[in-house]
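Here the structure comes first, spelled out in structure tokens, and everything after it is commentary.
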Amino acid sequence: MTMKRTKLVAAAVLALGLALPTTTAVAKTLTGGGVTATTPYSSDSGLISVYDGSNDDDPGKAEYYRHDSAGTKRTLWNKSGYKTRVTSGDGSAIIKFQACDENNASPDDCSGWGAP
């Protein structure tokens, strides 16, 4: 193989490697009480979802922080009821989150904090 052809093949392999994704986002799910929070959701690192699997008439929530506003705790509520899921709007990547099952007259049942 000539040097020119070797360089051309190497450039093509490099370009292909840059064009194809090498990893896919692996979702992490945390559970607090009967509530689960999942991020990335639908392989989007800027989405988080809350699923209420607790048949207790109390809402569920995810508390989370985004990369571009790391000092601001955000809350995504699921007040839609048992066996429903809500999803956040898209934004910068979620960097830390927890799932909580709200207990109106008692402390919430929350998972520990986790990173996706």
| query | When all protein chains stay in place, what accessible area (Å², nearest 10, 1.4 Å probe) is found for Thr29? | reply | 80 Å²
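Mean separation of Cα pairs under 8 Å and 6+ residues apart, divided by the residue count of the range 20-77: what relative contact order is that in percent? Mind showing how you got there, number by number?
On the way: 89 pairs, mean separation 13.2, N = 58.
In percent, rounded to a whole number, it is 23.
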| remark: Ignoring ligands and nucleic acids, Leu76 exposes an accessible area, probe 1.4 Å, in Å² to the nearest 10, of 20 Å²
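Starting from the residue with the highest accessible area, list Arg66, Arg74, Arg85 in decreasing order, probe 1.4 Å.
Working: Arg66 20, Arg74 85, Arg85 105 Å².
So, going from the largest accessible area down, we get Arg85, Arg74, Arg66.
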| remark: Residues whose modelled amide H sits under 5 Å from the amide H of Lys28, counting only those 5 or more places away in sequence or on another chain, are Thr39
| Cα-projected label distance for Ser42 with Asn103, points at 7 Å along beta-carbon direction, nm | 3.4 nm
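The values are calculated or read from the model by the stated rules, or taken from the named source; none is laboratory data. The shown structure was predicted, so the numbers you read here are calculated from the model rather than taken from an experiment. Glycine also receives a Cβ, built like all others from the backbone with ideal geometry; neighbour counts cover every protein chain displayed. Each accessible area value is taken on the protein alone, full model and side chains, heavy atoms only, with ligands, DNA and RNA left out. Shrake-Rupley method; radii C 1.70, N 1.55, O 1.52, S 1.80 Å.
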